């Protein structure tokens, strides 16, 4: 393995920045869940079919990279994907151990810049990972994933030295980050850092200019309020947020408060955002536990938007139609995540984009 090139300056100082999710991808990274993992108790058998369905939509559009512990796992996963009708063309396996499957949070943050010759150059930011505030040990293998990927891709790497998950931040592609106080200011991540210090880390290591804060997190979310379950950018000027109509639902007040806050936010140029409302799916309950089911856990791939659906005919249809209306250049595709949400995450939580 070649020696890892660790960069001591910040990405911003070297001209790197984090592209928006809808920028062209080279590929998407996943970490295949282990049967003995804690994410899908008594439901692991349903996961391979769900992942095969997701991979089948991505692979024709860009590469799919899959972390597995070893060659034996690779063989088993290939058999499972084939069994569920997923063509293995454009799917690539990497022998990288993980504890769980949530690549959005433990995976690499790819930053890019235009090099001296005009070519785009990539690097990886390896934020520390502590399993959402130390909730689910062990997490040492997950924490090492960005470094292992940097070694395999022979990319330089940055180590900010603070805890941050990818699902806690979203980007408008023009210099603004959307996040939540509930997660990033939680003392179970970086107890010694003030809000202003965290903002500086975000700007320095993502190459951004403005941080927009919301409060709250949807019911059932065990991440302390990841923004990718609450509100998301779909363009430099538009924020999508789920809205709950039932005043008795746990999400009713949370989402209305977030909606009011979003209306007051301004971008890197001081201009307000257009707020796009979509419904929330009906409550998803399993073994008496509320699931964090939401349509905003969608994921952009080249030319398409993959949206989790929940067998809620009316709200599924409205959410997909609304997103399609605002994204005419993308094919909006619904993917059933009723089984997958038992892991307390959906498509965006499982994926991590690698830009071109």
query: Counting pairs of alpha carbon atoms under 8 Å apart in space and at least six apart in sequence, what relative contact order in percent does region 4-84 give?
result: 38 percent
- line: Taking 291, 284 and counting other beta carbon atoms within 10 angstrom, the fewest-first order is 284, 291
Gain on full stretching of the segment that runs from residue 5 to residue 181 - 0.36 nm per residue minus C-alpha separation: 60.0 nm
- request: Specify whether the C-alpha gyration tensor of region 1-82 places it in the rounded, prolate or oblate class, a ≥ b ≥ c being the square roots of the eigenvalues: rounded for a/c under 1.5, otherwise prolate if a/b is larger than b/c and oblate if not.
  value: prolate
Pairwise FRET efficiency - residue 331 versus residue 263, Cβ, R0 = 45 Å, nearest 0.05: 0.95
statement: Put in order of increasing Cβ neighbours within 10 Å, starting from the fewest, 248, 203 give 248, 203
- request: Could you tell me which of rounded, prolate or oblate describes region 184-242, using a ≥ b ≥ c as the square roots of the eigenvalues of the alpha-carbon gyration tensor, with rounded for a/c under 1.5 and, failing that, prolate when a/b is larger than b/c and oblate otherwise?
  value: oblate
- prompt: How much space per residue, in cubic angstrom, does the convex hull of the C-alpha atoms of region 12-355 take up?
  reply: 133 Å³
task: For region 50-103, state the average projected area of the convex hull of the C-alpha atoms over all orientations, rounded to one decimal in nm².
output: 3.6 nm²
task: Show that you can apply the helix-only estimate: for the chain, add -39,500 (n - 2.57) for every DSSP H stretch of four or more residues, divide by all residues, and state [θ] at 222 nm to the nearest 500.
output: -7500 deg cm²/dmol
- prompt: In terms of the Cα gyration tensor, with a ≥ b ≥ c the square roots of its eigenvalues, is region 157-312 rounded because a/c is under 1.5, prolate because a/b exceeds b/c, or oblate?
  reply: prolate
- request: Mind checking the full-extension length gain between residue 318 and residue 90? Use 0.36 nm per residue of separation minus the Cα-Cα distance, one decimal, nm.
  value: 78.8 nm
- request: For residue 204 paired with residue 75, estimate the spin-label separation in nm (one decimal), with each label point 7 Å from Cα along the Cα-to-Cβ line.
  value: 4.8 nm
task: Would you mind telling me the antiparallel percentage of the DSSP bridges in region 167-273, rounded to 5?
output: 60 percent
Burial ordering of 338, 240, fewest other beta-carbon atoms within 10 Å first: 338, 240
- prompt: Taking the highest mean first, how do the peptides 214-220, 250-256 order by number of other beta carbon atoms within 10 angstrom per residue?
  reply: 214-220, 250-256
message: What is the distance in Å between the Cα centroid of region 193-222 and that of region 97-147?
response: 17 Å
query: Which whole-number percent gives the relative contact order of the chain, counting Cα pairs below 8 Å spaced six or more residues apart?
result: 21 percent
Theoretical gain in end-to-end length, residue 277 to residue 196 [0.36 nm per residue, Cα-Cα removed]: 26.2 nm
query: Antiparallel DSSP bridges in region 12-355: what percent, to the nearest 5?
result: 45 percent
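Bear in mind these aren't lab numbers, they're just calculated from the coordinates by the rules spelled out. What you are looking at is a predicted structure, and each value in this text was computed from that prediction instead of being measured. Here the Cβ is made from the backbone with ideal geometry for all residues, glycine too, and neighbour counts use every protein chain on show.
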